[in-house]
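The values are calculated or read from the model by the stated rules, or taken from the named source; none is laboratory data. All values reported here derive from a predicted model rather than from experimental measurement. Here the Cβ positions follow ideal geometry from the backbone for every residue, glycine too, while neighbour counts run over all protein chains shown. When the accessible area is computed, the model is the full protein with side chains, heavy atoms only, and any ligands, DNA or RNA have been set aside. Shrake-Rupley method; radii C 1.70, N 1.55, O 1.52, S 1.80 Å.
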There are 2 protein chains.
Amino acid sequence: MTNELEEYIKSYFGIVELDELKRISSFFELQSIKKGEFYLKEGSQSNELSFVQSGLMRIYADLEDKEVTQWISSKGYFITDLSSFVFGSPSRWSIHALEDSEVYTISKENYNRIGEVVPTWHQLEKLFIVRCFSVMEDRIFSHLSMTADERYSMFFESNKELFNQVPLKYIASMLGMTPETFSRVRKRHLI
Amino acid sequence: MTNELEEYIKSYFGIVELDELKRISSFFELQSIKKGEFYLKEGSQSNELSFVQSGLMRIYADLEDKEVTQWISSKGYFITDLSSFVFGSPSRWSIHALEDSEVYTISKENYNRIGEVVPTWHQLEKLFIVRCFSVMEDRIFSHLSMTADERYSMFFESNKELFNQVPLKYIASMLGMTPETFSRVRKRHLI
DNA sequence: TTAAACACTTGACATTTATCAAGGAATTAA
DNA sequence: TTAATTCCTTGATAAATGTCAAGTGTTTAA
């Protein structure tokens, strides 16, 4: 039998050999993060990568005059500043829990060891990151070609639940609009 | 001695072994693309990946009412629809030459063979894509936190040459503004 | 339990950006 | 070389979005 983490690994990386799955998943540790607690602070180095098992984590940056939410990770998404995790650069984002959360965490040391366990790991992980890259391309495209209203609709259609789970101002920021604009767009959609 | 393509490979992927460099670069073929010609058409599958050696290539999408420029690739940048190239999905972008260009092209078949030549290839390539991902994150951030004016300044500072090389409307689109807004922002900056 | 803090909405207004239309300069094609 | 096309700019105006301030309901913390 496989547990939920192993199901993620299977679906994200296409690993199906049970012993490989087990050995990879053994590198991860389930970690609890209380609402409001930080997983990562801007400027520090990210030494871990995690998959969200339950709860909600917000990835954001603090500017002088405002806070910008880059992403909200729910069950199944990964969290880290990838660039910081991989290259050791200072993290550009902070990550904190919007509610009590559980995440499967792997240290950088163990992460670097996966390749020894699964010969095809780097290849599989590459495919995973290509998918992430592609999502980012689409997201940029949405900013080049859509209005706030259209970005709202599009995001709402694929993430309805989230609108009842987190302060809407965070979704507003993530979509590149103010809470006031978000509120007005939302009203139009509710009517 | 190494040629320019080998220098790219060296700097992007960190490969330093001369024989490895030579064997990888032998997979690439120099290809000429005349101004206005297409490298890739939206909807088709991308079976090649290329590095621009000279000239300028524009990556864009055609919408009903407008055209959206996603990126302009100059010397050293790669071109392809990565998701299409890797997964075989239909390309979301068209790519054409803004001027007579030369690109080093690798076919999907040979690309898939690099791993056999260089054992660490997938790992190195993964790092390359993580950097690309990171660039995309920053670009999204610029849309969440900056005005048209600020995006202009930021891009101008790192890409001054481009402003004399391509129709400015393409840069405008790539930065998410109309040519008129671009023109006005530009005027303010020239004064 | 109460006070404070937060989240959301709404209105009035300001600012930014887009749209439309016109004209001049530069480039391309006949 | 000339005509046509494209590119860029500019002005007038419209539309989208942001800002500020107030008010209400909800959540949090003392």
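Some observations on this one:
- Accessible area (Å², 1.4 Å probe, nearest 10) - B:Thr105: 10
- Hydrodynamic radius by Kirkwood, which averages 1/r over all alpha carbon pairs of segment A:28-112, in angstrom: 12.6
- Largest-first ellipsoid semi-axes for the protein assembly as shown, taking √(5λ) over the Cα gyration tensor eigenvalues, angstrom: 33, 31, 18
- Residue by residue, segment A:34-42 carries 3J(HN,Hα) couplings of 6, 3, x, 6, 8, 9, 8, 10, 3 Hz when phi is fed to the Karplus relation 6.51 cos²θ - 1.76 cosθ + 1.60 (θ = phi - 60°); x denotes Gly or Pro.
- Other copies of A:Leu190: label-to-label distances in nm, shortest first, labels 7 Å along the beta-carbon direction: 4.8
- Copy-to-copy label separations for A:Asp138, where each label sits 7 Å from Cα toward Cβ, in nm and ascending: 2.5
- Computing FRET efficiency as 1/(1 + (r/R0)^6) for B:Asp149 and B:Tyr12, where r is the C-beta to C-beta distance and R0 is 30 Å, gives about 0.40.
- Stretched out straight at 0.36 nm per residue, the stretch from A:Ser89 to A:Lys75 would grow longer than its current Cα-Cα span by 2.4 nm.
- Across peptide B:120-131, the mean count of Cβ atoms from other chains lying within 10 Å of each residue's own Cβ comes to 6.
- Residue with peak Gaussian network fluctuation, chain A [Cα springs, cutoff 10 Å], from A:Thr69, A:Thr80, A:Thr147: A:Thr147
- Across the options B:Gln53, B:Phe163, B:Thr105, the greatest Cα extent toward the positive end of the charge dipole of chain B (unit charges at beta carbon of Lys, Arg, Asp, Glu) belongs to B:Phe163.
- Net +/- balance of residues flanking A:Thr105 in space, Cβ distance below 13 Å, scoring K and R +1, D and E -1: -3
- A Cβ-based charge dipole, computed about the Cα centre of chain A with Lys and Arg at +1 and Asp and Glu at -1, lands at about 540 debye.
- Highest GNM mean-square fluctuation among A:Gly176, A:Gly76, A:Gly43, for chain A modelled with Cα contacts below 10 Å: A:Gly43.
- Rolling a 1.4 Å probe over the protein heavy atoms gives segment A:28-112 an accessible area of 42 Å² per residue.
- Pseudo-label separations to other copies for B:Phe156 - Cα-to-Cβ vector, 7 Å, nm: 3.8
- Relative counts (whole %) of C-alpha pair distances in chain A, using bins that are 10 Å wide: 8, 32, 35, 19, 5, 0
- Computed with a 1.4 angstrom probe on protein heavy atoms, the A-B interface buries about 3500 square angstrom of accessible area in total.
- Alpha carbon convex hull of segment B:95-191, projected area averaged over orientations, nm²: 8.3
- Sequentially through segment B:61-77, phi angles give Karplus couplings (6.51, -1.76, 1.60; θ = phi - 60°) of 10, 9, 9, 3, 9, 7, 10, 10, 8, 8, 6, 10, 9, 9, 2, x, 7 Hz, Gly and Pro residues having no value and appearing as x.
- Distance (nanometres) between label positions extended 7 Å along Cα→Cβ at B:Lys66 and B:Leu168: 1.7
- Candidates A:Asn47, A:Asn159, A:Asn110, ranked by Gaussian network fluctuation over chain A, Cα under 10 Å, top entry: A:Asn159
- Sparse-neighbour loop sites [GluC sites (Glu not before Pro); segment A:15-98; at most 14 other C-beta within 10 Å; DSSP]: A:Glu17, A:Glu37, A:Glu64
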